[in-house]
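In what follows, a single structure is set out as structure tokens and then discussed.
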Amino acid sequence: MKLVGASPTAEISNKVRALTAAGHSVINLGEGELDFATPEAICEAGIAAIRDGDTKYTAVAGTAELKAAIQRKFARENSLSYEPSEIIAGAGAKQLIFNALLATLASGDEVIVPAPYWVSYPDMIRLAGGEPVIVQCSAAESWKLTPAALSAALTPQTKWVILNSPNNPTGAVYSNAEMKALTDVLLGHDGVLIMADDIYEHVRFEGEFATPAAIEPALKARVLTVNGLSKGYSMTGWRLGYAAGPAWLIEAMQVLQSQSTSNPSSISQRAAIAALDGGIGFMADWIETLRQRRDIVLAALGKIDGLHADTPEGAFYVFADCSKLLGTARPDGRVISSDLEFASYLLETAHVGVVHGSAFGAPGHVRIAYAVDTETLRTACDRIVDACAKLHGRNAA
Ligand SMILES: Cc1ncc(COP(=O)(O)O)c(C=O)c1O
């Protein structure tokens, strides 16, 4: 446990709760969670499950009905075909990613993690006994892993490569061609497994969605495709994720799950069938709302000398460069010398929670999640603009 820390996003939420309890009006733009209600038909399916008495243990990897709905989803949306033995459902994508790593990593095994990364990957890898190999991506490359950087990071010890598109925290979305360039590199490295974290699949503003197993069928036997209902369906609290991959890996993950958490909630499984089979028509409105919110954040950043972000193509985050504000002084005279201190300044004085980029392996940045209602977001953005205007000594850095 000494190797890992608590999730930094959860820590921000704790500070927000403490300030709120002290009577401040705090707006949390730190949480990776949509404010939209779970669609009615999905809720009804969960309620019907309770009324039908579907409240008992199920098969560890999910019911046959849920697996069939997951099969249909992969066939319909990703042109991917899986057998039931190649599918597992769990209590969120997070649990499945953790189980996959725990089931496969031995001491000395390396896992390639492009940065900026989702905060949990490195700690999960360490908990499972492996070594995260962080590959820094740059804003100049739209925060994407390049084939050259991937090639350079691969070693005989590489066990996994984690790819996450749309990306948390940058919102970067890999095109088919960009994904193909990466899978081409991986074709030449037989023993390497590929984790495709597709949890933000549906949260895209433009462009195609590329997932490695579909882009390069020759790799399918080495790809674990992870997805879930948390982000696209606004169902974070239902805790329902799923993964598809080679049967040997799914079997190992199932054994692990059988000895830890067992099946995901029977009620959530029934709701998931309704979600996956119900169509994604409702998402167009959500995406439009998110696009407006994204543009509100970008417009606010445009008013701040020293904060900059390119337009993200997906997810619900703006990843802003705050390095030009480092070295400036707060109204109380304290100098801001890191992204963490800038995020703390925003929280303490503007009462707006954002997450410092260092948590994602990208110092000098902050992640602004625009998943709160639009009016609240406008207020938060005004507060950020005001707080930044009060910093002294710009350009003194
Ligand atoms: C990139 C990424 N993967 C996985 C997850 C976990 O999602 P779930 O709620 O399904 O566990 C998150 C949640 O924030 C995420 O951002």
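Details
- Segment 19-40 - residue that is open to solvent by 70 Å² or more (accessible area, probe 1.4 Å) and of a type in the set (Gly, Ala, Ser) and, of those, farthest from the ligand (Cβ to nearest atom): 22
- Residues that are part of a loop (DSSP other than H, G, I, E, B) and within 17 Å of the chain's Cα centre (by Cα), drawn from segment 1-35: 6, 7, 29, 30, 31, 32, 33, 34, 35
- Test: residue 132 is within 16 Å of the ligand (Cβ to nearest atom), assigned to a strand (DSSP E or B), surrounded by fewer than 24 Cβ atoms within 10 Å (Cβ to Cβ) and not basic (Lys, Arg): yes
- The single condition among (1) within 16 Å of the ligand (Cβ to nearest atom); (2) open to solvent by 50 Å² or more (accessible area, probe 1.4 Å); (3) within 25 Å of residue 253 (Cβ to Cβ); (4) not hydrophobic (A, V, I, L, M, F, W, C) that residue 220 does not meet is (1).
- Residue check for residue 118: in the same structural domain as residue 61 (by TED's automatic domain parsing), touching a Cys at 6+ places or on another chain (Cβ under 8 Å), modelled with pLDDT of 95 or more and assigned to a loop (DSSP other than H, G, I, E, B): no
- Test result for residue 44, open to solvent by 30 Å² or more (accessible area, probe 1.4 Å), of a type outside the set (Lys, Arg), closer than 30 Å to residue 169 by Cβ and away from the ligand (no atom under 16 Å from the Cβ): no
- The condition (being within 16 Å of the ligand (Cβ to nearest atom), of a type outside the set (A, V, I, L, M, F, W, C) and touching a Lys or Arg at 6+ places or on another chain (Cβ under 6 Å)) is satisfied by just one residue among 62, 92: 92.
Rundown of residues vs (1) of a type in the set (Asp, Glu); (2) within 16 Å of the ligand (Cβ to nearest atom); (3) in contact with a helix residue (DSSP H, G or I) (Cβ under 7 Å, 6 or more places away or on another chain), yes/no style:
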{"residue": "139", "(1), (2), (3)": "no, no, no"}
{"residue": "144", "(1), (2), (3)": "no, yes, yes"}
{"residue": "148", "(1), (2), (3)": "no, no, no"}
{"residue": "169", "(1), (2), (3)": "no, yes, yes"}
{"residue": "180", "(1), (2), (3)": "no, no, yes"}
{"residue": "242", "(1), (2), (3)": "no, yes, yes"}
{"residue": "247", "(1), (2), (3)": "no, no, yes"}
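- If the condition is being under 20 Å from residue 222 (Cα atoms), open to solvent by less than 60 Å² (accessible area, probe 1.4 Å), among the small types (Gly, Ala, Ser) and in a helix (DSSP H, G or I), then segment 47-106 contributes 75, 93, 100, 103.
- Segment 338-382: number of residues that are within 22 Å of residue 312 (Cα to Cα) and either of a type outside the set (A, V, I, L, M, F, W, C) or touching a Cys at 6+ places or on another chain (Cβ under 6 Å) (or both): 20
- Yes/no for residue 329 being open to solvent by less than 50 Å² (accessible area, probe 1.4 Å), of a type in the set (Gly, Ala, Ser) and modelled with pLDDT of 95 or more: yes
The values are calculated or read from the model by the stated rules, or taken from the named source; none is laboratory data. Since the structure is predicted, the reported quantities are computational estimates derived from the model, not experimental observations. Quick reminder, even Gly has a Cβ in these numbers, built from the backbone with ideal geometry, and neighbours come from all protein chains shown. Quick note on the areas: whole protein, heavy atoms, side chains included, nothing else; ligands and nucleic acids left out. Shrake-Rupley method; radii C 1.70, N 1.55, O 1.52, S 1.80 Å.
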